[in-house]
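Working notes, structure below.
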Amino acid sequence: MAAESERVDRSSYSMDKSITLPPNEIFRNLENAKRFAIDIGGSLTKLAYYSTVQHKVAKVRSFDHTAKDTENDPLYEISMQEEILARLHFIKFENAYIETCLDFIKDHLVNTDTKVIKATGGGAHKFKDLIEKKLKLRVDKEDEMTCLIKGCNFVLRNIPHEAFVYVKHADSEFRFQNTHPDIFPYLLINIGSGVSIIKVESEDTFERVGGSSIGGGTFWGLGALLTKTKRFDELLQLASKGQHTSVDMLVKDIYGGSYGSLGLTGDLIASSFGKSATADKEFSKEDMAKSLLHMISNDIGQLACLYARLHNLTRVYFGGFFIRGHPVTMHTITYSINFFTKGEVQALFLRHEGYLGTIGAFLKGAEEDNPNQYSWGENYAGSSGLMSTSPDLNPMQRARSGTFDMLEMDRLERQLVNLPLLQDPSSYIPDTVDLSEDALAREYWLYCFEEALDGVVKRAVASQPDLPEAAERAEKFRHKYLHKLQTLRHQPFAYGSLTVRSLLDTREHCLNEFNFPDPYSKIKQRENDMALKYFQKAVKSLEELSWEQRQFALVRGLLAGNVFDWGAKAVSDVLESDPEFGFEQAKRQLEGMKGPPHKCALFFVDNSGIDIILGVTEAIFTFFHFMIFLVLASNSSPALNDVTNNELQILTERIAAMDPVIQSAVKEDRLTLVQSGSSSPCLDLSRLDKVLAGVVRERHTDLVIIEGMGRAIHTNYYALLSCESLKMAVIKNSWLADRLGGKLFSVVFKYEVPPDKKPTALDHVPVMPS
């Protein structure tokens, strides 16, 4: 029977106490750590712990505006408050550092009542006494395969770009896959010393359906005999430089070319190591290592193919210490799977494959807290990201085996699910441009974010004028985010597909890391107060218009309001000089919505101030002419100058007091405000608040409106919905306008009808004024 764990190389093991571990970089938040888990393999240790993190959040609270003398006071007050965040920490390091790391944990562990550490992996027994002595915790060993499956389920469910296909020599070697909403069933090929093939059917239902004794241990053992090289990584380095054709016998070596009647090309391996039996020469270590790698990988690939077909499975994930993110290994397995399945099955690898065992062990120890009832999100500010070990990519990473690798997952306040109106959730891709695969776009946007950094730092400091240390924290933010951008320039695949959305989210994570939860809070407050002063005058003007004029005003108000995206206000000059500004074309698209009323519209709103108050709120008057219910979805947490749900609640309450139409809609529950579950300027329709999804179903929503560049252009421009949709924005970036075939300040007003429904408008061409 195949061994299922990593082999512990006892002979080559030695302690290393020469490293210094800064607490703010490696083992973070140890003072509040609880619930430890550890996975010890043949060369790497993976440690997990749960901690509570104190961080600042910006809270808004409505003032009492009943008294007349408060009319000119701000609409709400902003206060900075402390909140507790639940975070999972995962750290990976070489076994040589284990004693130093345990000493560090012991010295910094303060507020914990933990008595047990969950352990898994082949090395857990060897280090049991050391762990118990150093940490004074009882080691409780968990089943390795159960931990592996639990960890795999967790990352597939919570990390959107967890799985990838490896494509050698492509501009982006890692092609990330969208995780299917239902992650089951799948086949996991775990390549440790041997090979275990596990069919996973549900959270707790899995079966080892097969395996092989020819696995990573075979490669390591035979490789050591052939090359006298004892270290696994060195064997792979040798293989990456070798030519297997010097050692392997090919089809053309036997037949002089291809074997056409059997469909065999001349370059196929007919016999691994076949030439070594007859050739009277010495073979290089590199060539023998490459031949051995091909032999093992091809055997595993054929096994995986046969079991996938036997169980009718198309999702096949590969993991285990044999993989470990090595490009040469992933390439040989990918080639083997493609060959044996004729491209019908893809070899899928996992970005956090090395953490599966320790994640599973942690989850076993935390079952009473039921961590699977929550959604979790990767904290880019505290995670290392996927690093290539290819010597041809970013040479600074070649010495990385002696450093530490981190993953942090934050517990989200609400459970996230798919928008029920996605036409095909399994094929939905939120982002319009994948910067991982577009080098020119990548360089442009990385430059843009670097150039904008000074302004972000300035606004962060200005948002906390009463805190003298804000400037110092802002500089730390600058340093960290700049480092992230430099990493992404070399390794755009570090956090999955690189997109404008991920760059924005990484910036938000770094701002929160240094306690700048809402740098635009005072700007939003000022703009909301200003816009409210003009609200009643704008409504009065609207009421005096005919239906046709009101449509024009609606389009103008929505798009003109969306212009006021902080930092792009120069576009307002265009509104003054060109009153038409593409609105006539946009109005014609809107006319398609006349006719039978929609049951309910879901509106994803964008900016604070003029956009939400004089754009969206004015639009509500017109919307209720052709729909029964309206749901406004706004961010759960701050991002740029986007309106949050808390702010929108206060704004709506004030507007309802000023206007009977809004007041009536709120009172009759025809106007509903919900959180989107997002804290990003962009929008991922596969990760929305579960409450929002429930409202969408209950109200039988049949129209979705998405507003703004972040939500409707950078994301969801190509999103297909099962109901009518309207995507609208003003393009405030000349590069993006050019990419979409328009010009700066072009208007996009994209009204779409699903193919199975009768169109109510002309086929759409995005409005791009010349």
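Summary table
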item: Qualifying residue in region 580-594 (condition: open to solvent by 30 Å² or more (accessible area, probe 1.4 Å), part of a helix (DSSP H, G or I) and modelled with pLDDT of 80 or more); result: no
item: The lone exception for S193 - which of (1) modelled with pLDDT under 95; (2) farther than 18 Å from E353 by Cβ it fails; result: (2)
item: Hits in region 735-749 - residues which are open to solvent by 60 Å² or more (accessible area, probe 1.4 Å) and either in contact with a Phe, Trp or Tyr (Cβ under 9 Å, 6 or more places away or on another chain) or not in a helix (DSSP H, G or I) (or both); result: G741, K743, L744
item: Close pairs (6 angstrom Cβ cut-off, 6 or more residues apart or separate chains): within 24 Å of K524 (Cβ to Cβ) in region 462-475, in a loop (DSSP other than H, G, I, E, B) anywhere; result: S463/P519; A470/Q464; R473/F514
item: Strands (runs of 3 or more DSSP E) fully within region 157-223 counting 1 or more residues that are among the hydrophobic types (A, V, I, L, M, F, W, C), over 23 Å from A289 (Cα atoms) and over 24 Å from the mean Cα position of the chain (by Cα); result: 195-200, 206-212
item: Leading residue by the ranking (nearest to E94 (Cα to Cα)) among those in region 232-262 that are charged (D, E, K, R) and open to solvent by less than 50 Å² (accessible area, probe 1.4 Å); result: D233
item: Residues that are open to solvent by less than 40 Å² (accessible area, probe 1.4 Å), aliphatic (A, V, I, L, M) and under 14 Å from E618 (Cα atoms), drawn from region 517-549; result: A531, L532, A538, V539, L542
item: All positions within region 349-382 that are within 19 Å of E94 (Cβ to Cβ) and assigned to a loop (DSSP other than H, G, I, E, B); result: H352
item: Enumeration of residues in region 449-460 that are in contact (Cβ under 8 Å) with a residue 60 or more places away in the chain and surrounded by 15 or more Cβ atoms within 10 Å (Cβ to Cβ); result: V456, R459
item: Any hit, region 461-482, residues being open to solvent by 10 Å² or more (accessible area, probe 1.4 Å) and under 21 Å from the mean Cα position of the chain (by Cα); result: yes
item: Scan of region 110-127 for residues that are open to solvent by 20 Å² or more (accessible area, probe 1.4 Å) and either of a type in the set (S, T, Y) or modelled with pLDDT under 95 (or both), ordered by number; result: V110, N111, T112, D113, T114, K115, V116, G122, H125, K126
item: Condition check for L102: surrounded by fewer than 21 Cβ atoms within 10 Å (Cβ to Cβ), at pLDDT 90 or above and touching a Phe, Trp or Tyr at 6+ places or on another chain (Cβ under 8 Å); result: no
item: Among the candidates R711, R697, residue that is basic (K, R), outside the structural domain of L440 (by the TED database), in contact with a strand residue (DSSP E or B) (Cβ under 9 Å, 6 or more places away or on another chain) and at pLDDT 90 or above; result: R711
item: Count of residues meeting criterion [within 13 Å of L419 (Cα to Cα) and open to solvent by 10 Å² or more (accessible area, probe 1.4 Å)] in region 702-720; result: 2
item: Set L188, L148, L156, L137: member being farther than 23 Å from A347 by Cβ and either modelled with pLDDT of 95 or more or open to solvent by less than 40 Å² (accessible area, probe 1.4 Å) (or both); result: L137
item: Residue list for region 624-640, restricted to those being touching a residue at least 60 places away in the same chain (Cβ under 8 Å) and over 22 Å from the mean Cα position of the chain (by Cα); result: H625, M627, F629, V631
item: Number of the exception - F514 against (1) hydrophobic (A, V, I, L, M, F, W, C); (2) open to solvent by 30 Å² or more (accessible area, probe 1.4 Å); (3) over 30 Å from E475 (Cβ atoms); result: (3)
item: Contacts under 6 angstrom Cβ, first residue in region 89-105 being closer than 17 Å to G357 by Cα, partner aliphatic (A, V, I, L, M) and open to solvent by less than 20 Å² (accessible area, probe 1.4 Å), 6 or more apart; result: F90/A48; F90/L407; I91/L47
item: Yes/no for L602 being aliphatic (A, V, I, L, M), part of a strand (DSSP E or B), open to solvent by 20 Å² or more (accessible area, probe 1.4 Å) and modelled with pLDDT of 95 or more; result: no
item: Matching option when the condition is at pLDDT below 75 and either surrounded by 11 or more Cβ atoms within 10 Å (Cβ to Cβ) or within 27 Å of F318 (Cα to Cα) (or both), among D39, D64, D73, D69; result: D73
item: Verdict on S678 being among the small types (G, A, S), open to solvent by less than 30 Å² (accessible area, probe 1.4 Å) and closer than 15 Å to N607 by Cβ; result: yes
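A quick yes/no check of all residues on (1) open to solvent by 50 Å² or more (accessible area, probe 1.4 Å); (2) in contact (Cβ under 8 Å) with a residue 60 or more places away in the chain; (3) in a helix (DSSP H, G or I); (4) among the acidic types (D, E):
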site	(1), (2), (3), (4)
M288	no, yes, yes, no
L293	no, yes, yes, no
N298	no, no, yes, no
Y317	no, yes, no, no
G325	no, yes, no, no
T332	no, no, yes, no
E344	yes, no, no, yes
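The values are calculated or read from the model by the stated rules, or taken from the named source; none is laboratory data. Note that this is a predicted model, so its numbers are computed, not measured. Cβ coordinates were reconstructed from backbone atoms using ideal geometry, including for glycine residues, and neighbour counts include every protein chain displayed. We work out accessible area using only protein heavy atoms, side chains counted, and drop any ligands, DNA or RNA first. Shrake-Rupley method; radii C 1.70, N 1.55, O 1.52, S 1.80 Å.
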